Structure formats: C-alpha cells, structure tokens
Amino acid sequence: MIRTSGLTKDYGARRAIENLTFEANQGEVVGFLGPNGAGKTTTMRILAGYMPPSFGTAQVAGFDVIEESIEVRRRVGYLPETVPLYPDMTVFDYLKFMADLRHLPNADEMVDNALELVQMEQRAEGYIANLSKGMRQRVGLAQALLHKPEVLILDEPTIGLDPAQVVEVRSIIRDIGKERTVLLSTHILSEAQQLCDRVLIINKGHIVAEDTPENLQARLVGAERSILRIKGDTEELMAQIAKIKGVQDIKTRPDGALEFQFAPGVDVRPEVAKTVIMSGYDLLELSPVGLSLEEIFLELTRDVASTKKEK
C-alpha cells in the first residue's frame with residue numbers, strides 16, 4: 001500500500017506539490033488525476049524513490065521512501081511517462097538485463113512470466129527498435145512487473161497509444177489491480193472513470209478531491225438526473241413532465257432526448273414513466289445520468305480558483 005502525510009516538494013522558489021496526504025490500498029487502482037503540471041509526476045517520482053520530498057513523509061509497502069529507500073525500490077514497479085529502453089536490444093535481452101540488475105533468482109522464468117502478463121511472448125526475440133509505441137509501452141510495463149512488485153506506479157501509461165492499444169493496456173492494468181496496489185497517473189479523465197476504484201484530483205500541487213467517481217458525482221450534483229427518450233415530438237410532453245411534483249428542471253439535449261433533474265430521495269421516475277405512457281408516447285429510454293469526471297474536474301478547479309480570488 002501507499003501512505004503519505006504532508007508530502008511537499010520545492011524546485012527552488014517553485015512549489016510543485018504541497019501537503020499531499022492520501023492512501024492507496026492493496027487490490028485497489030487509484031487514479032491520480034490532473035492537468036499537465038499539476039504535480040502528478042513529481043509525486044510519483046518521490047514514491048518510486050527517484051527523488052526525496054522537501055517536507056512530509058511517504059511510505060510504500062510499509063517502508064519509508066527516505067529512510068528505507070532500497071526496500072521501497074525492491075517492492076515498487078515504476079513505469080515513467082517516457083519509458084527508458086535500449087533500442088539495440090531484443091525484448092527478452094532487455095528484460096533479462098533488468099532482472100539481473102535486480103539480482104532476481106530464476107531470471108529467465110521471471111522474464112517469461114512478465115512477457116506473458118503483457119501478452120508479448122511472440123515478440124520476445126524482436127528488437128526494441130522495431131517495435132511500435134504501444135509495444136514499447138508494454139515492454140516498459142513488463143519491466144515494472146518483472147520482480148512481482150507489491151505496488152505499481154504508472155505515469156501516463158496509455159499516452160501516445162492508438163485506440164486498440166489503449167484498450168489492451170487498460171485490460172492489463174485492471175487485471176494487475178485485482179491483487180496489487182496500483183497508482184495510475186493520467187490527465188484523461190474518462191480513462192480514470194473506466195479503470196479506477198478511487199480517484200485523487202490534484203490541481204496546482206493540491207489535492208482538491210478524493211473519492212470514488214460515483215461518490216464525486218453525487219457530492220457535486222446535489223440532485224439526481226435522468227435521460228428520457230421517446231418516439232415522437234417532445235415539446236408537449238416536456239411541459240407535462242415539468243408539472244410533476246419534484247421535477248426541478250427539464251431540458252432538451254442536443255440528441256433530442258429530454259434530461260430532467262429531481263432532488264435526492266424523491267424519485268419521480270415512476271411518475272414520469274406513467275405520464276409518458278398515459279400521454280400515448282412510446283417510451284424508449286429512462287435512465288440515470290451523472291456528471292462525467294471532466295465536468296467534476298472543471299467544477300472543482302473552478303471552485304478552487306474562485307476561493308483563491310476571493311481571498
């Protein structure tokens with residue numbers, strides 16, 4: 001697991017991260033979200049033992065990243081944003097070299113296991129120079145998994161991949177996250193929504209929110225929202241639904257469907273469905289809708305900016 005308290009890092013006069021306190025547990029994929037320059041990579045480098053913090057503490061797998069740095073590195077698999085590979089080596093030779101650097105027993109077997117995990121057994125003898133960006137990313141992931149780490153730290157693991165490669169890498173991460181602690185950095189918020197059990201949203205070096213994607217949606221919306229799709233003209237029906245007690249707002253979406261809002265604990269959907277049917281319309285869809293992580297992030301960062309401006 002990962003545990004930090006008051007983690008702060010200064011680069012000269014610039015403070016990259018300030019007072020970061022969070023946890024990531026075993027069997028959990030935690031998304032570390034934010035725009036470029038928010039402090040994600042700095043935090044991950046500290047946790048991987050790449051650099052020390054200026055202030056605060058961090059423990060990885062129960063070991064302090066400063067006082068017990070070697071023990072931390074033995075238990076962490078780290079995939080940086082730019083994977084450091086040797087293009088003139090074959091995939092197998094590169095991974096064998098990395099296994100030897102870690103003094104792993106049964107190095108050949110460990111390499112084979114890592115290649116199987118990332119589904120690259122057939123490319124083991126190919127030269128890294130001839131691999132696509134997606135395949136190189138898999139080699140980097142295999143390197144991070146070689147020693148069967150307790151904690152996996154992935155910095156923008158799908159950046160630069162084509163859609164098919166993104167799907168494959170995400171599937172691998174989901175499988176790994178069932179048994180290990182995974183901290184995943186990304187600025188692609190939809191990716192975190194698909195992959196992560198919990199998300200930390202960071203902005204300008206500060207954590208501005210921490211929760212599951214579903215709970216963040218509920219906290220920020222403050223009301224339930226649903227989509228209503230019918231066959232036929234919606235204008236007359238829209239006026240009828242607006243009169244239902246508990247409906248707070250109703251509007252037409254760009255795709256022609258209706259979207260209405262109601263207070264939590266006052267579910268008006270049965271009454272909406274009854275109104276549709278009794279009015280002679282064909283009901284095609286009645287489903288809940290929540291804020292996307294993109295909307296959540298914009299809302300949170302807007303609040304932070306407004307608060308600072310008021311001060």
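The values are calculated or read from the model by the stated rules, or taken from the named source; none is laboratory data. Every value quoted in this text rests on a predicted model; they were computed, and no experiment measured them. Cβ coordinates were reconstructed from backbone atoms using ideal geometry, including for glycine residues, and neighbour counts include every protein chain displayed.
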**Prompt:** Is it the case that GLU125 is in contact (Cβ under 8 Å) with a residue 60 or more places away in the chain, outside any helix (DSSP H, G or I) and among the acidic types (Asp, Glu)?
**Reply:** no
**Hits in the stretch 260-284 - residues which are assigned to a strand (DSSP E or B) and surrounded by 13 or more Cβ atoms within 10 Å (Cβ to Cβ)** = PHE260, GLN261, PHE262, LEU283
**Complete:** Filtering helices (runs of 4 or more DSSP H) wholly in the stretch 146-259 for at least 3 residues that are surrounded by fewer than 17 Cβ atoms within 10 Å (Cβ to Cβ) and in contact with a strand residue (DSSP E or B) (Cβ under 8 Å, 6 or more places away or on another chain) gives none
**Request:** Just give me the residues in the stretch 122-142 being touching a Ser or Thr at 6+ places or on another chain (Cβ under 8 Å) and modelled with pLDDT of 90 or more, in sequence order.
**Result:** ALA124, GLU125, GLY126, TYR127, ILE128
**Request:** Identify the single condition in (1) touching a strand residue (DSSP E or B) at 6+ places or on another chain (Cβ under 8 Å); (2) farther than 18 Å from VAL199 by Cα; (3) not hydrophobic (A, V, I, L, M, F, W, C) that THR21 does not satisfy, given that it satisfies every other one.
**Result:** (2)
**Request:** Report the residue count in the stretch 238-267 for those that are over 18 Å from VAL289 (Cβ atoms) and touching a Ser or Thr at 6+ places or on another chain (Cβ under 6 Å).
**Result:** 1
**Request:** Sort out which residues of the stretch 24-80 are touching a residue at least 40 places away in the same chain (Cβ under 8 Å), surrounded by fewer than 22 Cβ atoms within 10 Å (Cβ to Cβ) and assigned to a strand (DSSP E or B), and write them in order of number.
**Result:** PHE55, GLY56, THR57, GLN59, TYR78
